[in-house]
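Visitor: Handing you this structure, nothing more for now.
Every number in this text was worked out from the coordinates using simple rules, so none of it is lab data. These numbers come from a predicted model, not from an experiment. Positions of Cβ are backbone-derived with ideal geometry, glycine not excepted, and every protein chain shown enters the neighbour counts.
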């Protein structure tokens, strides 16, 4: 019986998140009402409150879930490996977004996109700055933090523009271009060996 309840709870949360993303793609989050989310998800308001405190808690969970997935990419590709070739890391990011394209397009078309992208940027910079092997190779910590912030903001903006239809460069070309830009910039912050 517990397994059935768990599946129902997971289904309800998924439906709430899908309805929420659809609504925030149509209007500002401050205008979204729990009643609308519940109706679109075909659940009761009580079911909504069983899972979330308010509308902003839905957004926070969506952001946190996606950020945890991005953090997993760092486990698969240590930061130090980005000094030689960023393409595997960037490819994983694009594949993840592409595999979840519908959700990301809705999120990126909303006002909430900017807070989500800012969180992702901070995660990227912090992971880069925590890697001891990476730190050992840097000339200056402050310059490196600035560079990683620049890369994170630029990459996040390109991703946002790609998934809101403002940029249509082929993905392979975009990955190659990002790789060249990052590697060339790394030359300015990494000690020569």
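Visitor: Can you give the angle from 0 to 90° between the axis of helix 87-99 and the longest principal axis of the chain, with both taken from C-alpha atoms, to the nearest 10?
Guide: So the inclination is approximately 10 degrees.
Visitor: I've got another one for you. Per-residue counts of other Cβ atoms within 10 Å, averaged by peptide: what ranking do you get for 24-32, 59-67, highest first?
Guide: 59-67, 24-32
Visitor: For the stretch 1-52, what does the equivalent ellipsoid look like in terms of its semi-axes, each the square root of 5 times an eigenvalue of the Cα gyration tensor, given largest first in whole Å?
Guide: Semi-axes, largest first: 23, 10, 7 Å.
Visitor: Against the longest alpha carbon principal axis of the chain, how many degrees, from 0 to 90 and to the nearest 10, is the axis of helix 55-76 turned?
Guide: Once rounded, the angle reads 40 degrees.
Visitor: If you don't mind, there's one more thing I want to ask. Need one word for the stretch 113-193: rounded, prolate or oblate. Basis is the Cα gyration tensor (sqrt eigenvalues a ≥ b ≥ c); a/c below 1.5 gives rounded, then a/b vs b/c decides.
Guide: Note, shape of the stretch 113-193 comes out oblate.
Visitor: Rounded to the nearest 500 deg cm²/dmol, what is the calculated helix-only ellipticity per residue at 222 nm for the chain, with -39500 (n - 2.57) per DSSP H run of length n ≥ 4? Spell out each step's value before the answer.
Guide: Working: 10 runs with 149 residues, N = 193.
Computed ellipticity for the chain at 222 nm equals -25000 deg cm²/dmol.
Visitor: How would you rank 85, 142, going from fewest to most other Cβ atoms within 10 Å of each one's own Cβ?
Guide: Fewest to most other Cβ atoms nearby, the residues stand as 142, 85.
Visitor: On to the next question. Using only Cα atoms and rounding to the nearest 10 degrees, what angle (0 to 90) does helix 2-26 make with the longest principal axis of the chain?
Guide: The helix 2-26 is inclined about 70 degrees to the chain.
Visitor: Let me ask another. Identify which of 157, 179, 168 has the largest mean-square fluctuation in a Gaussian network model of the chain, with springs joining Cα atoms closer than 10 Å.
Guide: Comparing 157, 179, 168 in a Gaussian network model of the chain, the most mobile one is 168.
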